[in-house]
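See below for the structure under consideration.
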Amino acid sequence: MRFLKVLFAVLVVAAIIAGTLYWLRRYRTEPPPMPTPFETKGRLQIIALDVGQGDGFLIVSPGGKTVLIDAGNARAGDGVVAALQRRNLRTIDLAVATHPHADHIAGLRRVIGKLTVKQLLDSGQSFASTEYEKLLRAVKERKVQYLKAGKGLTFDLDSGVRLEAFHPRGNGQWMINVREGGSVENANSVVLRLTYGNFTMLFTGDAETETEAELVKAKLPIRAQILKVGHHGSRHATSERFLNAVKPDVAIISCGADNRYGHPSQPTLDRLKRSNLQVHRTDLSGEITIVSDGNTFQVTTSRQTNLASLWVGRIGLDDVLMQPQKAAAAKAGLKDREID
């Protein structure tokens, strides 16, 4: 009888240990996935990919059509490919190079090399850089249909999802008058408006205040619920006049945690805060996903962040280096010039 009691006790202890080990394996090392806000199948999805200091936005229509707007720099390219493959995407129906700077287009070359890309929409600007030349070469070698952007160009995806180009004007009509220290390439970024039922989103590339002013002056339908903030939150973009015209509910900023440019800038964050809207940043929240049924939309992030930190701008290297010059200018009674 004593032997049976000992055996029973051993079996109970073994069962407890086995159960504990199973629980640890199941819930500690392999936690269940986070629930999605609601079913994404058959809905419009927009993902701000975490490409570091750059831009990369994936659009998946309810019927499965795909658009990739920029893809970060060369280092980010493999990560973008991996993000697409995780979603079982092997084909991109339309890739967009908003302008020829490397932090937007270098990753696209990697995507074109690994996946099937049917069309590439380019700003069409002449630009001498190794990365841009490599992109154009890849487009030619992979037989990707090359398109130049122009105002009024539209793409009908499926389920009523539409992408319309507002800028550049096209036909060689370039913006050439930019601020001192500004970029003509940024000023001629491809600006796109995505619509799906009552849902709207505006993509602005690296467009700054000069482009914003032209969009407002042209009285284009730039009103949108979600704004992709121009030039990673630079102080020279997202003017109050532009915000008043777009009237977004949500602003998405794509930037890197280690960037030396001071993106996003405090003045831009202050303008966004005064507009009483919701802000999400890839440097703090990682991937940002927007899902819409054509009426309502919901935003989720891959990482949680402190609400207060969303409104704190980054300090750029130029800001630090230029402090002595700023102080000297102030002493001399000279106007303090913004440095980007």
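Ordered by packing density, taken as the mean number of other Cβ atoms within 10 Å over each peptide's residues, highest first, how do 48-54, 237-243, 164-170, 309-315 rank?
Values: 48-54: 24.7, 237-243: 20.0, 164-170: 21.6, 309-315: 15.0.
Ranked by mean Cβ neighbours within 10 Å, highest first: 48-54, 164-170, 237-243, 309-315.
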Quiz item: Rounded if a/c is under 1.5, else prolate if a/b is larger than b/c, else oblate: which is the range 61-214, with a ≥ b ≥ c the root eigenvalues of its Cα gyration tensor?
Solution: oblate
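Output the pairs from K114/K148; K41/K65; K118/K228; K219/K247; K114/K143; K65/K247 with a Cα-Cα distance over 18 Å in this structure; if there are none, say none.
Check vs 18 Å cut-off fails for K114/K148; K118/K228; K65/K247.
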Quiz item: Given the C-alpha centroids of the range 239-288 and the range 169-206, what is the distance between them in whole angstrom?
Solution: 17
Quiz item: V279's amide H: which non-local residues (gap 5+, or another chain) put their own amide H closer than 5 Å, with H modeled 1.01 Å from N in plane and none for Pro or chain starts?
Solution: A251
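From the Cα gyration tensor of the range 73-130, with a ≥ b ≥ c the square roots of its eigenvalues, which class applies: rounded if a/c is under 1.5, or else prolate if a/b is larger than b/c, or else oblate? Working shown, then result.
On the way: a/c = 2.68, a/b = 1.54, b/c = 1.74.
It is oblate, given that a/c is not under 1.5 and a/b is not larger than b/c.
Which of rounded, prolate, oblate describes the range 44-319, given a ≥ b ≥ c as roots of the alpha-carbon gyration tensor eigenvalues and a/c under 1.5 marking rounded, otherwise prolate only if a/b is larger than b/c? Intermediate values should be presented prior to the final figure.
Numbers: a/c = 1.24, a/b = 1.15, b/c = 1.07.
Taking the square roots of the gyration eigenvalues as a ≥ b ≥ c, the range 44-319 is rounded.
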Quiz item: Using θ = phi - 60° and the Karplus curve 6.51 cos²θ - 1.76 cosθ + 1.60, what whole-Hz ³J(HN,Hα) does each residue of the range 51-66 get, with Gly and Pro shown as x?
Solution: 9, x, 7, x, 10, x, 10, 9, 10, 10, 6, x, x, x, 5, 10
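Apply 1/(1 + (r/R0)^6) to the Cβ-Cβ distance of Q266 and E180, taking R0 = 25 Å, and write down the FRET efficiency to the nearest 0.05.
For R0 = 25 Å, the calculated efficiency reads 0.75.
Read the figures in this text as sums done on the coordinates, not as results from a lab. Computed from a prediction, not measured in an experiment: that's the story for all the values here. A quick note on method: Cβ atoms are made from the backbone with ideal geometry, for glycine too, and the neighbour counts reach across all protein chains shown.
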